[in-house]
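*Asks:* Take a look at this one; I'll ask things after.
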Amino acid sequence: MTDPDLYVGITSWNSALFLPHCLDSLRRTTSSARLHICVLDNDSSDASAAIARDRGAEVLIRSCTQSEALQELVRRSHGAYTLLLHADVILLAPDWLQRCTAKLSGNTVLISPEDIGCGPLTRPFGAGMPESSFLLFTTEGLRRSRRLIWKRRLRIPVPRREFDFSGGHVTHNIPTRLAERGFNWHPMNVYASNAEPEAFFTPGPDATLWSEELGHLRYGLGNFYGVDGQITHYHNWYDRVITTKTGPAGAPSPQRPRREFPSAFINAYSQRFLADYQAGRVDLPRDLSSRRVPVAL
C-alpha cells in the first residue's frame, strides 16, 4: 500500500457540530493529495464516531488525555507530512497545504499558529508557542524529535520512544523539544474576525469572563490563520457547549470558581459561522496587516 502524502490525526470529543465540516473541508482542499485521516474519539456520547466513519476516516475510540491522544495519532503516521487538528478547524484555502509545506524546509519541521488567539488575541501566555489546533509536521522531523518516555504497562514501567506532548497547554514544550534536535518551527499569523458596529450578543450581569469587544466580533472567539498574507483556515475554539462538568465515571466533579465565557455566546457565534460557511459567505478578516499585542481578559 502506498504511503499517503498527508496523514491527518484529529482529536474529537462530542464534536458532531463541527466534525463533518472539518472532514469535508479536508477532502475538498486536498483532492490532489494522497490522504489518510484518523479520528481519535474520546468516547463521545454523540454521533462523532459515526460521522467520521461515514466520511471515510479511520476511527479509534479511546478514553485518554489530549497528550496521549496525540501520541497515539503520531504513532500511526506514515505520510510525508503529519497534520494534527482539532475537530473545530475548517480548512478554507484550496492551496493551504502547498503554502504551509513550502515553509517546511531545512531545519524547519513544524508550521503552526502562534498560540495567542481566542477571539481578540486573549492568550498572551501563548506568545512564541505553537497552538494545538493545527500542527503540521514533517513526519521525519517528528520521528527524529522523539525521546525516551517511561510508561506503565500492567504496572511495569516500559520505555518507549515518543514525541513528548506533555507540559503546559500540550504544545508549549514543543519548541524546546525541537531545539534539542536542532530543529525549529514557523509561526502562522492569527487574526480575529471582523468587528461589527452593533453588538450581536450582550451577556447577563452574571457573566464572569467578558469584554464589550467580544459582542461585536462577527465570529466571537473564532480566529482565522494565515501565511504570507493569505488566510488558510479557521478555528472556532469551542466545538461544543458544556453545561455540566462530570468526573471520569460520569459523577459530578468538585466545582471550583472559574471564569468562563457565556455558553449562550459560544452557541450564538458558532451558529453564525456555520450559517455563513454553509452559505459560502464566510466574512474573512479585512485587515491582515495589524500586529495586535495579545492581552488577557
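Rule-based calculations on the coordinates, nothing more; no lab input. What you see is a predicted model; the values in this text were computed from it and never measured. Cβ coordinates were reconstructed from backbone atoms using ideal geometry, including for glycine residues, and neighbour counts include every protein chain displayed.
*Asks:* Count charges around Arg181 for me, please; just the other residues with Cβ under 12 Å from its Cβ, Lys/Arg as +1, Asp/Glu as -1. Walk me through the numbers on the way to the answer.
*Replies:* Values: positive: Arg143, Arg144, Arg146, Arg147, Arg177; negative: Glu140, Asp164, Glu180.
That works out to +2.
*Asks:* So if each residue of separation counts as 0.36 nm, and I subtract the Cα-Cα distance between Ser45 and Glu213, what length gain in nm does that give?
*Replies:* This chain segment gains 57.1 nm when fully extended.
*Asks:* Rounded to the nearest 0.05, what FRET efficiency do Ala264 and Ala296 have when you use their Cβ-Cβ distance and R0 = 25 Å?
*Replies:* Between Ala264 and Ala296 the formula returns 0.65.
*Asks:* Could I ask something else about it? I'd like the antiparallel share, as a percent to the nearest 5, of DSSP beta bridges with both residues in the chain.
*Replies:* 55
*Asks:* Helix-derived [θ] at 222 nm for the chain: sum -39500 (n - 2.57) over DSSP H runs of at least 4, divide by residue count, nearest 500?
*Replies:* -6000 deg cm²/dmol
*Asks:* Quick one: check the C-alpha center-to-center distance for segment 129-143 versus segment 1-78, whole angstrom.
*Replies:* Each part reduced to its Cα centre gives a spacing of 16 Å.
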